[in-house]
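Structure first, then comments.
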Amino acid sequence: MRRNCKTGELFCRNSDFNNDIIPNDHGKMLNNILELRIQGRPMADGPTPADKQKGLQLHLKKCIERVAKKRDKAAFESLFEHFAPLLRAYSFAREPGASLMADELAQVVLIKIWEKAHTYNSNKASVNTWVYTLARNSRIDLLRRNGRYTTEIDPEYLWQDLEDESADPFVSMQHKRTEKTISDAFEHLPPDQQQVIAKVYLEGKTHQESADELGLPLGTIKSRIRLALQKLQLVVRR
Amino acid sequence: MLVNHHPDSERLTAFSAGSMPLSQALCVSAHLEMCPDCRADLDSLNKLGSHVFNQMKPSRVSNDLKQSVFKQLNDTQTHDPVSNSPARNETGRVASGVPKCLFQFIDDDYDSLDWHWVSPSIRQANLCVDGNGAHVALLRIKPGGKASHHTHMGEEITMVLKGAFSDESGIFQQGDFVVRGSNDKHRPIATKDSECICLTVLDAPIQFTGYFSRWLNPLLRRAHP
Ligand SMILES: [Zn+2]
């Protein structure tokens with residue numbers, strides 16, 4: 001039996017987040033970056049969560065660059081400390097209790113980070129988004145290999161090379177703006193919309209499975225997603 | 001290429017989340033290869049995925065895992081293999097516009113597939129059956145060719161890979177992504193100037209209202225080869 005995860009169990013507040021996943025010297029490095037930033041402009045209450053997040057992103061980006069150019073294992077260790085716990089959580093969200101799979105997913109994705117660091121393009125996405133796409137693709141592949149779903153279709157080429165490889169500074173600015181809009185607006189979404197987004201993205205549930213588990217009509221699931229996307233200003237074209 | 005019909009945003013969200021049947025993902029992937037607008041939307045949706053991924057409660061990591069990962073790190077820069085697939089006839093597939101996501105089913109160009117006779121103007125090549133029972137096939141309609149009237153038990157997704165067809169609701173061209181629900185009765189006709197090749201995914205077998213009872217019905221095909 002699969003445990004029904006509620007939004008509250010999957011997500012954590014920003015404060016836990018920073019305590020939990022920045023252990024040892026990773027945290028020290030991050031604080032150094034933040035201190036440099038703080039010296040630039042006086043701040044009454046110390047760094048805000050948004051500033052911490054920004055500092056963290058900058059730190060992760062530098063780590064990726066050091067891994068790509070110098071095969072720097074200390075920088076990789078920082079990435080490991082940040083992402084391994086998230087990758088395990090991401091696996092558990094889909095397959096509660098499957099700890100072997102959680103370790104396998106973390107391992108597969110971290111090795112990919114090490115081997116593909118040179119393909120990361122900071123103009124088009126943050127390190128987080130890049131790792132998320134690696135995690136998503138690897139989880140699909142792992143589920144298939146472990147026989148969690150049977151299919152004759154090889155997912156490997158379905159999610160690859162679909163992103164635009166544009167180095168246009170305007171596009172890069174737009175990517176950053178989209179990321180900021182999401183992080184500002186997501187926590188203000190109504191809980192029922194957050195819950196559906198979590199079901200689809202973290203638990204990997206299809207719209208129909210989400211509808212069944214929440215005891216809602218399929219149309220309600222779809223409209224919650226649509227409303228959330230509107231509020232986050234994603235996919236405004238349609 | 002002017003793409004007019006796109007997957008809706010909920011479907012694109014499911015693709016970005018990796019939470020849709022692979023047969024459907026195949027159609028969306030083929031569309032994305034041909035549609036820069038949807039690729040841009042996908043980039044944004046991936047950022048939503050990244051946001052919730054990053055908000056998860058972290059799960060404690062054992063030392064064993066760390067050691068095991070570090071043991072596997074090689075010091076040299078690994079060069080990405082240009083293509084992981086055996087490049088048997090990359091040029092044939094690229095020249096005939098076969099989407100990359102279909103390379104796993106198509107060794108050379110479209111002609112290299114095993115096309116079955118369905119009607120004087122229609123051929124069909126079965127690609128696979130997805131875990132949920134959905135049938136994935138290519139349909140090839142001669143210029144001006146007509147399919148028979150049919151309705152669906154489930155949902156039918158059609159991705160136009162080449163040429164164009166029209167039915168009661170409009171014209172659909174290369175790159176267009178069309179979804180038909182179970183209540184739609186329709187009769188596609190290929191445009192006169194070129195043949196039309198479509199990727200189709202069918203949730204449940206079709207019910208026929210015309211006399212071509214074997215049209216696009218892999219179950220029946222198997223029963224009566
Ligand atoms: Zn599109």
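The values are calculated or read from the model by the stated rules, or taken from the named source; none is laboratory data. From a predicted model like this one, the values you see are computed outputs, not experimental measurements. Note: ideal-geometry Cβ built from the backbone for every residue, glycine included; neighbour counts use all protein chains shown. In case anyone asks, the SASA skips ligands and DNA or RNA and just uses the protein heavy atoms, side chains included. Shrake-Rupley method; radii C 1.70, N 1.55, O 1.52, S 1.80 Å.
Lys and Arg at +1, Asp and Glu at -1: add these up for the other residues within a Cβ distance under 12 Å of A:Leu60 and post the number. Net local charge, A:Leu60 excluded: +2. Based on the Stokes-Einstein relation at 37 °C and a viscosity of 0.692 mPa s, and on the Kirkwood radius from alpha carbon pairs, region A:98-238 is assigned a translational diffusion coefficient of 190 µm²/s.
Relative to its Kirkwood radius, the Cα radius of gyration of region A:64-104 gives an Rg/Rh of 1.15. Mean per-residue shielding of peptide A:136-143 is 2, counting Cβ atoms of other chains within 10 Å of each Cβ.
Close amide H partners of B:Leu127, meaning residues 5 or more places away or on another chain with modelled amide H under 5 Å apart, are B:Val136, B:Ala137, B:Leu138.
Take each residue of peptide A:77-87, count the partner chain Cβ atoms within 10 Å of its Cβ, and average: the result is 4. Classified by the C-alpha gyration tensor, region A:117-163 has a prolate form. Its axis ratio a/c, with a ≥ b ≥ c, is 1.5 or above, and a/b is larger than b/c.
Working value for region A:189-238: equivalent-ellipsoid semi-axes of 18, 11, 10 Å, each the square root of 5 times a Cα gyration tensor eigenvalue, largest first. Heavy-atom accessible area buried between chains A and B is around 7100 Å² (1.4 Å probe, both sides summed). Peptide B:132-143 has a mean of 1 when you count, residue by residue, the C-beta atoms of other protein chains within 10 Å of its C-beta.
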